[in-house]
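To keep things clear, I will list the structure first and then write my remarks on it.
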Amino acid sequence: MAVSGGGDSLALLLMANAWAARAGRRLIAASVDHGLQAAGADWAAWCARRAAALGIEHRTLVWAGDKPSAGLPAAARAARHALLADLARGEGAGVILMGHTADDVVEAAAMRAAGATTPDPRSWSPSPAWPQGRGVFLFRPLLGARRAALRDWLVQRGETWIEDPANADPRFARARARAALAASPPVGQPDANTQACAAVSALATPDGTLVLARDALTGAVRRGAVSLATAAVCAGGGVRAPRRDRAERLIERLATGETFTVSLAGARIDARNDRIVITRETGEYRRAGAAAQPLPVGEAVVWDGRFALTAHRSGLTARPLAGLMARLDPLESKALASLPAAARGALPAVMDKAGAVTCPILAQGPHVRWESLVEARFLAASGAVRDEETLWRVAKAARTS
């Protein structure tokens, strides 16, 4: 679980510790030093001591390297999620506990109303870090609790906690929202458990294509736009959702029955008849100037955000198949011809030192094992995985498929 030392995360640490003892579960506390506060290392050390006093394992994670001059809160949030997801995967964990409260839900809504892109905390959601967070979910059990009530509970127990001065720094959108809400608190309790995604089913093919029914998207513009944007991000292998207004305009076009092809979030969307076919946009490689990706022996490498490739032979690299199709052997060329033309160039090509090319998606050879991540990611992002039991069932099915 994530522990910052603040009142919310300390309350969750105490509660989670009691639950883990009863349930016989292993609990690891992790603190992130973003390198933004002079006291950051001291705060992490404080968390480590508090966890040790409870008999809980603790890890300190450090966001190293240069920090951006603009968009710092969003960058820090992304780095934090990536570090926590890496730790969870390394420890074999599938769930990260986070101490967000009902106040965070209200503050996030106020920030979005002011023009920010802060996501709405949900009680159960996939990790936003990709590909680090594949198969990892966030659980926020305190979204129904108010911050003041948790602090009252801590005071009654004789607990103290850390107050981050950034929470009162008016340079940051969250601090401004918090100050405004303190002056005029919201009436009633926010609905903290609303899922933002509509549960839309999709046919996923091994080449990373998603096929959606047109009528499943056009019933409600907003819900359909969320589902279309989610599918585009998953099939495109990206990390950033497109602007909502752009996705909503596409839903309006779909509702007319129009036939069209557009790009969205790195994906190509083909609207034909009653089906919407979403594939990786091959041209994204040329625009990004992507280089060949080495494949270390025995290490799963996420290629293009869509496939996990594991090499069992040294000297292999992965790159887009576009421009290399003529080098495939006849069997792979025949298999390639059966795929949609738009999906072919975006497949991974594996090249050896001699320049020989193969596409593991077309023929599972002995030198490279592959796994498509698109379907599992879409299921997670669209709300199909709603609890820990389902998470492990899906993960087991993926390992044995």
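The conditions of being assigned to a helix (DSSP H, G or I) and either modelled with pLDDT of 95 or more or outside the structural domain of PRO320 (by TED's automatic domain parsing) (or both) are met by ILE251. ALA38 meets each of the listed conditions (1) at pLDDT below 95; (2) outside any loop (DSSP other than H, G, I, E, B) apart from (2). Flag: SER123 does not match the condition of being within 19 Å of VAL239 (Cα to Cα) and within 15 Å of the chain's Cα centre (by Cα).
Please determine, by comparing only the residues of segment 301-346 that are assigned to a strand (DSSP E or B) and either in contact with a helix residue (DSSP H, G or I) (Cβ under 6 Å, 6 or more places away or on another chain) or free of Cβ contacts under 8 Å to residues at least 40 places away in the same chain (or both), which one is farthest from ASP207 (Cα to Cα). That would be THR317.
Residue pairs whose Cβ atoms lie under 8 Å apart, sitting 6 or more positions apart in sequence or on different chains, and linking a residue in segment 361-373 that is of a type in the set (Gly, Ala, Ser) to a partner that is assigned to a strand (DSSP E or B) and surrounded by 19 or more Cβ atoms within 10 Å (Cβ to Cβ), are GLY365/THR358; SER372/ALA204; SER372/PHE307.
Considering segment 65-166, the qualifying helices (runs of 4 or more DSSP H), each wholly inside and each with 3 or more residues that are modelled with pLDDT of 90 or more, run over 72-91, 147-156. Considering only residues that are basic (Lys, Arg) and under 26 Å from ALA343 (Cα atoms), look in segment 374-401 and name the one that is modelled with the lowest pLDDT. Top of the filtered list is ARG399. Return yes when ALA349 is assigned to a strand (DSSP E or B), free of Cβ contacts under 8 Å to residues at least 40 places away in the same chain and not assigned by TED's automatic domain parsing to the domain that holds VAL226 and no when it is not. So ALA349 fits the description; yes.
The values are calculated or read from the model by the stated rules, or taken from the named source; none is laboratory data. What you are looking at is a predicted structure, and each value in this text was computed from that prediction instead of being measured. Cβ sites come from the backbone with ideal geometry, for glycine too, and all protein chains shown count toward neighbours.
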